[in-house]
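Take a look at the structure below.
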Amino acid sequence: MKWIKPIFRSAAVVLVVLVVLTCVAIHRIHTMPVWYGAPRCTPQQWQEAGRHAKQVFEQTFSWAADMQAKVVRARTEGWDSADTSITIVLTEDEINAFYDACDNQATAALAELVNEFVTNLRITFIDGGVVMSGKPKDSRTILSFVFKPKVDDQGHLDLQLTDILAGTLRIPRVAMRKTLGKFHDDLAGHLATEGPRARIDAYGVVNRAEIAAAYSQLLLNCLADQASDAIVFVPFDAKDLSRALAVRLADIQAGGGKLSVTLRALSPVERESLTQKITGNAAMAKAVP
């Protein structure tokens, strides 16, 4: 019977290790990540950050209006490829303050989608990545999704979902299967609803349905670890966010609490290719019973 004691001792050691690991995991799950929490600035600075972000977006809308006018002129004067790009830089405080304060239709629609899964959304820019954090419903745990966006040489946007954290504990994607599955189904539903109504005109201006369909497809590709065409949509009239100009995302860099994005107007060839793609996708979506 002497062999029983070593077995009991080994079992006890394993049990202690498991208890310690469980306690550590529980502690980390309920630990607030350093990137989440109250802003590290005064209320006045927070308001100013939101105002500055609004100015940056308005400048981007103005650039889009200039590019849309250039596209119209190109019908008679030919395309001028000079001065067709813009680089915008935003800090995480600016983007979060803008999100908190803005009540336009686009932000309201985004907030409605986000709030189905998390509340108190916060966005953080780390080296090479973007962290989106919030509190799931009926939970005090902070859930964080880490994305590593990159535009490759072929003009594709790879929006990699590299990490999921509960508190400060990394969790495997399989553990989020139910939540991610619901998110996938909601996105697929948006795509099925908006896809048939997607439209683009001769000047590269798309309607709200195409914006919703394209971004739903982008996120679906992200969940499937697939790259997407690096096309984004910029409104050119702040009073009418239902129409936007299709432009190319030429570069995106995150780090040091800042996000830098470079946009470029589409060339005539790119615009024609996108028109064919959107028109074809809408026709296929209509054909699906």
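Set side by side, the residues 165, 121, 157, 180 differ, and just one is under 26 Å from residue 244 (Cβ atoms), at pLDDT below 90 and either among the hydrophobic types (A, V, I, L, M, F, W, C) or outside any strand (DSSP E or B) (or both), which is 121. Being assigned to a helix (DSSP H, G or I), modelled with pLDDT of 85 or more and either among the hydroxyl-bearing types (Ser, Thr, Tyr) or under 21 Å from the mean Cα position of the chain (by Cα) (or both), is that true of even one residue in region 72-90? Checked region 72-90: no residue is assigned to a helix (DSSP H, G or I), modelled with pLDDT of 85 or more and either among the hydroxyl-bearing types (Ser, Thr, Tyr) or under 21 Å from the mean Cα position of the chain (by Cα) (or both). Filter region 225-242 for residues that are exposed (fewer than 15 other Cβ atoms within 10 Å of the Cβ) and modelled with pLDDT of 90 or more; which is farthest from residue 126 (Cα to Cα)? Looking at residues that are exposed (fewer than 15 other Cβ atoms within 10 Å of the Cβ) and modelled with pLDDT of 90 or more, I get 226. Looking only at residues in region 62-100 that are among the aromatic types (Phe, Trp, Tyr) and surrounded by fewer than 18 Cβ atoms within 10 Å (Cβ to Cβ), the one that is nearest to residue 201 (Cα to Cα) is 79. Residue 66 fulfils the conditions (1) touching a residue at least 12 places away in the same chain (Cβ under 8 Å); (2) part of a helix (DSSP H, G or I); (3) within 15 Å of residue 236 (Cα to Cα) except for a single criterion, (1). Residue check: residue 222 meets all listed conditions (1) under 24 Å from residue 88 (Cβ atoms); (2) crowded, with 20+ Cβ neighbours inside 10 Å; (3) in contact with a helix residue (DSSP H, G or I) (Cβ under 9 Å, 6 or more places away or on another chain) but one, namely (3).
Residues of region 243-252 that are touching a residue at least 40 places away in the same chain (Cβ under 8 Å) and surrounded by fewer than 20 Cβ atoms within 10 Å (Cβ to Cβ): 249, 250, 251, 252.
Restrict the check to region 270-279 and report whether at least one residue is touching a residue at least 12 places away in the same chain (Cβ under 8 Å), within 27 Å of residue 130 (Cβ to Cβ), crowded, with 18+ Cβ neighbours inside 10 Å and among the acidic types (Asp, Glu). Yes, region 270-279 contains a residue that is touching a residue at least 12 places away in the same chain (Cβ under 8 Å), within 27 Å of residue 130 (Cβ to Cβ), crowded, with 18+ Cβ neighbours inside 10 Å and among the acidic types (Asp, Glu).
Going residue by residue through region 187-198, is there one that turns out to be in contact (Cβ under 8 Å) with a residue 40 or more places away in the chain, part of a loop (DSSP other than H, G, I, E, B) and either within 17 Å of the chain's Cα centre (by Cα) or closer than 20 Å to residue 229 by Cα (or both)? Yes, region 187-198 contains at least one residue that is in contact (Cβ under 8 Å) with a residue 40 or more places away in the chain, part of a loop (DSSP other than H, G, I, E, B) and either within 17 Å of the chain's Cα centre (by Cα) or closer than 20 Å to residue 229 by Cα (or both).
The set of residues in region 253-289 that are within 16 Å of residue 206 (Cα to Cα) and modelled with pLDDT under 85 comprises 280, 281, 282, 283.
The values are calculated or read from the model by the stated rules, or taken from the named source; none is laboratory data. Keep in mind the model is a prediction, meaning the values are calculated, not measured. All Cβ positions, glycine included, derive from the backbone under ideal geometry; neighbour counts span all protein chains shown.
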